[in-house]
Amino acid sequence: MKIGIPKEIQENETRVALIPQSVKKLTQKGIEVLVEGGAGIAALFSDKDYTDAGAKIIRDAKTIYSSSDLIVKIHKPEFSEVDLMKEGLALISFLQSSINLDTIKKLAQRKISAFSLDSIPRITRAQSMDVLSSMSTVSGYKAVLIASDSLPKFFPMLMTAAGTIPPAKIFVIGAGVAGLQAIATARRLGGVVEAFDTRRAVKEQIESLGARFVALDLGKEETEGEGGYAKQVSKELHERELELISRHVKKTDVVITTAQVPGKKAPILITEQMVKEMQPGSVIVDLAADQGGNCELTEPGKKIVVNNVTICGYLNLPGTMPNHASQMFSKNIESIIAHIVKENQINFDINDEINKGALITHQGAILQENIKHLMVGVH
């Protein structure tokens, strides 16, 4: 059996899907691993590191795609990459199926068994495969470093001969993995942290990290969706949510937003008017920028200043810490490979709960009913 690791072709991507440590474990089991030359260099893993781990370095992507039984990559394949794939191979990557329907259709036509990392169900058995949580950990940490670098103030309280400097006030919106990591990191830097989330269940987690939970009366509305993710709320609740957020951002130095709804555009939680009312020098780090942003003024991929407020809409924060991000990603991939490869053969049990959620295409068919429904009209 052959597993292929092509070099990521997305602009500014520095991570690699499998690191040499993971490759060594696979080759020791008799699995052949093909790595495109230079695939790990940006993440500080040389071609020699891979050959020492038992991999073969291949100089062109075409050979990897045409020779491998399983391809592991971070980003969804471009059409040019799908065209190179051996018909019937298996693919593990982030596919974001509901917004990349043309890619899914092409994968099905090529009879690719496509396993999507963003569709792995949130169940105990799949925790070791949860790439989303791993990458959110990196994003939440880095968001606070970006904020502290952009803020014209100290984070901690300082008592100096020149007087006492009060600590920075940080407001985190959304307490998923990224939000909780942001809270923990901001607290380590000495900031005073408040956090808001529509899910009642996260109150204890927020407070355990030393932050104050900002509560909103939800009434009887259910705000937690499948897998523990936040779900889209009603118009009335959203309006009350905005009122609460507006009151808090006015007195905050740093706002970190993390609110995303899987498969949908990120909800607007900070309006242009709120930005106008923020204190001069304040910073917003929008971790939902890749889904449009939680701030109305966010420009994905850019850092801008509006009314003396800095808005950071950087994309792919895990790619700014490629060494440890790749290490975490690779460990998750190890678990997925152990799940789908039995006796050095790929075996997708379509009745398995993990595969039911994450296997998008298989043997020429699209397996997910919601994706089939969205496919109507896709040419």
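Taken together, the values in this text are just the output of simple stated rules run on the coordinates, not laboratory data. These numbers come from a predicted model, not from an experiment. Using ideal geometry, Cβ is built from the backbone for each residue, glycine included, and neighbour counts are taken over all protein chains shown.
Listed values, structure above:
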quantity: Ranking of 238, 373 by count of other Cβ atoms within 10 Å, fewest first; calculated: 373, 238
quantity: Relative packing of 146-155, 302-311, 256-265, which averages over residues the other C-beta atoms within 10 Å, highest first; calculated: 256-265, 146-155, 302-311
quantity: Cα centroid of segment 233-255 to Cα centroid of segment 135-180, whole Å; calculated: 19 Å
quantity: Gyration tensor verdict on the chain (Cα atoms; rounded if a/c is under 1.5, prolate if a/b is larger than b/c, oblate otherwise); calculated: prolate
quantity: Count of lysine pairs in segment 133-315 with Cα separation under 13 Å (8 or more residues apart, or interchain); calculated: 7
quantity: Lysines whose Cα lies under 19 Å from that of residue 105, excluding same-chain neighbours fewer than 8 positions away; calculated: 73, 76, 86, 356, 372
quantity: Shape category assigned to segment 50-136 from the gyration tensor of Cα positions, a/c cut at 1.5; calculated: oblate
quantity: FRET efficiency, 1/(1 + (r/R0)^6) with R0 56 Å, evaluated for residue 57 and residue 350 via beta carbons; calculated: 0.95
quantity: Relative contact order of segment 68-124, defined on C-alpha pairs under 8 angstrom at six or more residues apart (%); calculated: 37 percent
quantity: Total charge dipole magnitude, the chain, about the Cα centre, Cβ charges on Lys, Arg, Asp, Glu only, Debye to nearest 20; calculated: 400 debye
quantity: Spin-label pair residue 149/residue 279, simplified geometry with 7 Å Cα→Cβ offset, distance in nm; calculated: 2.3 nm
quantity: Order of 356, 76 - criterion: other Cβ atoms within 10 Å of each residue's Cβ, fewest first; calculated: 356, 76
quantity: Virtual spin-label span in nm between residue 125 and residue 304, 7 Å along Cα→Cβ; calculated: 4.7 nm
